[in-house]
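Novice: The following block contains the structure, expressed as structure tokens.
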Amino acid sequence: MNQNLLDDCPSYLRDFLFYMETIKGRSTKTVEAYYIDLRTFLRFLKRFRGLAPSNLEFSEIRIADISIDAIRSVTLSDVYEFLNYTLSDRKNGAKTRSRKVSSLRSFFHYLTTKANLLEENPVLNLEVPATRKTLPKYLSLEESLELLTSIDGKDKERDYCIVTLFLNCGMRLSELVGINLSDIKEDHTLRVVGKGNKERVIYLNRACLDALEDYRRVRPVVQTSDKNALFLSKQGRRISNRRVEQIVNDCLKRAGLSGKGYSVHKLRHTAATLMYQHGGVDVRLLQDILGHSNLGTTEIYTHVSNKQLEEAAVKNPLSSVKPRGKKKDAEE
């Protein structure tokens with residue numbers, strides 16, 4: 001984590017963040033999210049208890065001086081007050097508040113069972129706010145083909161390879177950026193590192209193998225510390241997440257698909273949906289392909305398209321039955 005962020009952390013919070021990163025294997029991005037959520041809670045605690053000047057901007061409230069005794073006095077009612085406070089911010093939707101609850105639960109669980117700084121966990125019975133499940137947005141098969149066939153330009157081999165891996169493997173952005181040349185095996189498999197530093201093996205189909213071969217033929221050879229990275233920037237460094245997002249957005253624009261809300265993560269949704277709808281992939285197998293630890297996360301891809309719903313209705317054996325005419329009509 002950024003040392004500047006840790007400077008305003010009380011020791012118990014700093015220890016928690018180190019624990020989540022080094023022992024639990026959480027990514028830097030996830031740990032920073034924990035920090036932001038818990039910093040907000042501790043700032044609220046000072047404001048709520050009158051320990052910070054009322055005229056001080058909320059973002060200026062320091063938290064380094066909040067003692068562990070203050071944390072020991074936290075009650076479930078305090079947490080409810082905090083969650084009620086977050087409702088005043090339009091940025092805190094149900095998903096964001098759910099994440100804050102998860103951060104608090106992890107934090108107090110650590111203080112109680114790992115650090116042994118608390119005797120009782122005040123949020124033990126805290127429920128996660130309900131979130132409305134929405135169907136994932138994805139490209140249709142026709143749009144996916146249009147996206148692939150419209151890729152062009154001086155870096156077309158690289159760009160085509162990136163989009164092909166997203167659409168065929170359903171990998172995350174961080175997983176693609178983290179691929180090394182040594183991760184590509186002779187048995188046509190690819191090793192990727194997902195959330196929580198969990199490794200999994202992805203089997204490469206012919207489209208992926210061909211795209212990788214074409215790109216590696218033109219991939220520059222560099223002598224930087226990132227020389228083993230598969231995708232490189234113009235400076236010979238590992239390509240960044242942001243640069244990949246820009247590449248995908250440019251490809252979508254060239255294909256006439258911009259403005260539809262598509263993004264890098266939507267390509268992952270697309271891969272999962274196409275495998276399930278057109279490839280007949282079982283949901284549990286899809287779970288392994290995507291690297292989901294929870295089957296419930298994968299089940300969102302078992303939705304069906306409107307076209308499938310229409311086809312199902314047409315195939316109903318009673319779909320062509322007509323009402324019998326009235327007796328009078330029959331006599332006539």
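Novice: With θ set to phi - 60°, apply the Karplus curve 6.51 cos²θ - 1.76 cosθ + 1.60 along segment 213-226 and write out the HN-Hα couplings as whole Hz, x wherever there is a Gly or Pro.
Specialist: 5, 5, 6, 5, 5, 10, 5, x, 8, 10, 10, 7, 5, 9
Novice: Still on this structure: So for 252, 6, fewest C-beta neighbours within 10 Å to most, what's the order? Don't skip to the end; give the middle numbers.
Specialist: Working: 252 24, 6 14.
Least to most surrounded, the residues fall as 6, 252.
Novice: Where does each of 52-59, 64-71 land if you order them by average Cβ count within 10 Å, highest first? Show your work: numbers first, answer last.
Specialist: Working: 52-59: 10.2, 64-71: 13.6.
Ranking, from highest mean packing down: 64-71, 52-59.
Novice: Counting other beta carbons within 10 Å of each residue's own, what order do 112, 22, 40 fall into, fewest first? Provide the component values of the computation, followed by the final result.
Specialist: Numbers: 112 17, 22 10, 40 21.
Result, fewest neighbours first: 22, 112, 40.
Novice: Could you give me the ³J(HN,Hα) list for segment 51-57, computed from phi with Karplus coefficients 6.51, -1.76, 1.60 and θ = phi - 60°, whole Hz, x at Gly and Pro?
Specialist: Once rounded to whole Hz, the list reads 9, 10, x, 5, 8, 7, 4.
Novice: Additional query: Once the piece of chain linking residue 68 and residue 48 is laid out straight, how much longer is it, given 0.36 nm per residue of separation minus the C-alpha distance between them?
Specialist: Numbers: separation 20, 0.36 × 20 = 7.20 nm, distance 1.68 nm.
Extending this stretch completely gives an extra 5.5 nm.
Novice: Report the trypsin sites (Lys or Arg not before Pro) located in segment 184-283 that are in a DSSP loop and have at most 13 other Cβ atoms inside 10 Å of their Cβ, or state none. Walk me through the numbers before you get to the answer.
Specialist: On the way: sites: 185, 191, 195, 198, 200, 206, 216, 217, 227, 234, 237, 238, 242, 243, 253, 254, 260, 266, 268; in loops: 185, 198, 227, 234, 237, 260.
Those satisfying the criteria are 185, 198, 234, 260.
Novice: How far is the Cα center of segment 147-168 from the Cα center of segment 99-115, in Å?
Specialist: Each part reduced to its Cα centre gives a spacing of 42 Å.
Novice: Quick one: of 29/100; 95/253; 29/198; 198/260, which pairs are farther than 24 Å apart, Cα to Cα?
Specialist: Flagged as over cut-off: 95/253; 198/260.
Novice: Now a separate question. Apply the Karplus parameterisation 6.51 cos²θ - 1.76 cosθ + 1.60, with θ equal to phi minus 60°, to every residue of segment 9-25 and state each ³J(HN,Hα) to the nearest whole Hz, in sequence, with x for glycine and proline.
Specialist: Whole-Hz 3J(HN,Hα) from phi for segment 9-25: 8, x, 4, 5, 6, 4, 5, 4, 5, 5, 4, 5, 7, 8, 8, 7, x.
Novice: Rounded, prolate or oblate for segment 3-114? Axes are the square roots of the Cα gyration tensor eigenvalues, ordered a ≥ b ≥ c, and the cut-off for rounded is a/c under 1.5.
Specialist: Numbers: a/c = 1.44, a/b = 1.25, b/c = 1.15.
In terms of gyration-tensor shape, rounded.
Novice: Amide H neighbours of residue 232 under 5 Å, counting only residues 5+ apart in sequence or on other chains, H built in-plane at 1.01 Å?
Specialist: Residues meeting the criterion, in which the H sits 1.01 Å from N, are 239.
Since every read-out is calculated from the coordinates, none of them should be taken as a lab result. All figures in this text were calculated on a predicted structure; none of them were measured in a lab. Note that each Cβ is placed from the backbone with ideal geometry, even for glycine, and that neighbours are counted across all protein chains shown.
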